[in-house]
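Asker: Quick one: the structure is below, and I'll ask about it shortly.
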Amino acid sequence: MSAPTGSGFDPAFLPFTVALPTPYAAIADDLAEPSTGGTVLDYMHFSLVMSRSRRLARWVAWNIDGSTRFSDISRDGQKFRADPRLPVSGQVLNDVYDRNRLDRGHLARRADLLWGTRAAAERANSDSFFFTNITPQMDDFNQAARDGVWGQIEIALLEVVDRQRASVIAGPVLQPDDPDYRDVQVPLEFWKLLAYEIDGKPRVRIFLVTQTLQPGVLPDPLAPFEVFAITAAELSRRTQLSLSRSLRAKVVGEPSFAGELSGDLDQRRPVTDVAAIRW
């Protein structure tokens, strides 16, 4: 099996730098080390780092060029597969998804990656199906991601910025008390950071979504999926990932840097309609 050959996420894709997150010391030793060295795995138009203990991505970062994006590249014929740069045992594979309601949920959205030359877009389409870019998500959540607020966030953003460029960093919130299922701890929350420009001004928004699992992944009705706009301070506390000071300064609604690790800076704002987002 051939390894991906893309150049990965470009921090300089926008007029301002979108630096990748830095892990806190508490999780730095848990980052998986691919055979190619370092901790970052590069693909076409996106990059990621993996948690060794959880076998899931800590974060995935990708660039979007709305002006060159293809809409006619299909997922037909694509297969989910392990990345050969990591041990198979270090990735969550098909066993957890068999005969239940768990879907293989993309972190970097396939549709976001289909830009550039036709060849690059087709390579990105294929790369998006590596299990390193996948997390277990309830089917209701995955449906919500396609048709609800969570899945519409990037689309709404590209409409606001006239379908030009944006950079996104996202991932699961890996908590020690996430529920176990078939030897896999299934994340209940996911986050997404969007960086972009409006009228020449750099801006950043951060969102959080929750999914609810029944014990044993039972097919009972689930609680509604909730999406919130959050601050960089809350993101860092929940994920143990630090954003650069420059990036934090651009977060819409970020209160301050002072007392960042205190509990009084959480300013969650429910998002029920993408049209209500103040970009």
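Asker: Among the numbered criteria (1) basic (K, R); (2) modelled with pLDDT under 95; (3) in contact with a Gly (Cβ under 9 Å, 6 or more places away or on another chain), which single criterion is violated by R104?
Answerer: (3)
Asker: Within region 3-23, is there a residue that is touching a residue at least 24 places away in the same chain (Cβ under 8 Å), part of a loop (DSSP other than H, G, I, E, B), closer than 24 Å to P136 by Cα and small (G, A, S)?
Answerer: So far as region 3-23 goes, yes, one or more of its residues are touching a residue at least 24 places away in the same chain (Cβ under 8 Å), part of a loop (DSSP other than H, G, I, E, B), closer than 24 Å to P136 by Cα and small (G, A, S).
Asker: So in region 24-56, with the set limited to residues that are touching a residue at least 60 places away in the same chain (Cβ under 8 Å) and assigned to a loop (DSSP other than H, G, I, E, B), which one is farthest from L241 (Cα to Cα)?
Answerer: Across region 24-56, the extreme among qualifying residues is M44.
Asker: Run down R104, R75, R123, R85 and say which single residue is on the phi < 0 side of the Ramachandran plot, in a strand (DSSP E or B) and either touching a helix residue (DSSP H, G or I) at 6+ places or on another chain (Cβ under 6 Å) or surrounded by fewer than 21 Cβ atoms within 10 Å (Cβ to Cβ) (or both).
Answerer: R104
Asker: Which of the numbered conditions does W115 fail, given that it passes all the others? Conditions: (1) part of a loop (DSSP other than H, G, I, E, B); (2) in contact (Cβ under 8 Å) with a residue 40 or more places away in the chain; (3) farther than 19 Å from G171 by Cα; (4) out of contact with any Gly (no Cβ under 8 Å at 6 or more places or on another chain).
Answerer: (4)
Yes/no matrix, rows are residues, columns are (1) under 19 Å from the mean Cα position of the chain (by Cα); (2) over 19 Å from L41 (Cα atoms); (3) of a type in the set (G, A, S):
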site	(1), (2), (3)
P87	no, no, no
Y97	no, yes, no
A120	no, no, yes
F130	yes, no, no
P136	yes, yes, no
V160	no, yes, no
G171	yes, no, yes
Q175	yes, yes, no
R182	no, yes, no
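Asker: Listed residues W115, W150; which is at pLDDT below 95 and crowded, with 19+ Cβ neighbours inside 10 Å?
Answerer: W150
Asker: Could you check region 163-173 and list, in sequence order, the residues that are farther than 18 Å from N142 by Cα and either in contact with a helix residue (DSSP H, G or I) (Cβ under 8 Å, 6 or more places away or on another chain) or not small (G, A, S) (or both)?
Answerer: Correct list: R163, Q164, R165, A166, V168, I169.
The values are calculated or read from the model by the stated rules, or taken from the named source; none is laboratory data. Bear in mind that the values here come from a model prediction, so they are computed numbers and not experimental data. All Cβ positions, glycine included, derive from the backbone under ideal geometry; neighbour counts span all protein chains shown.
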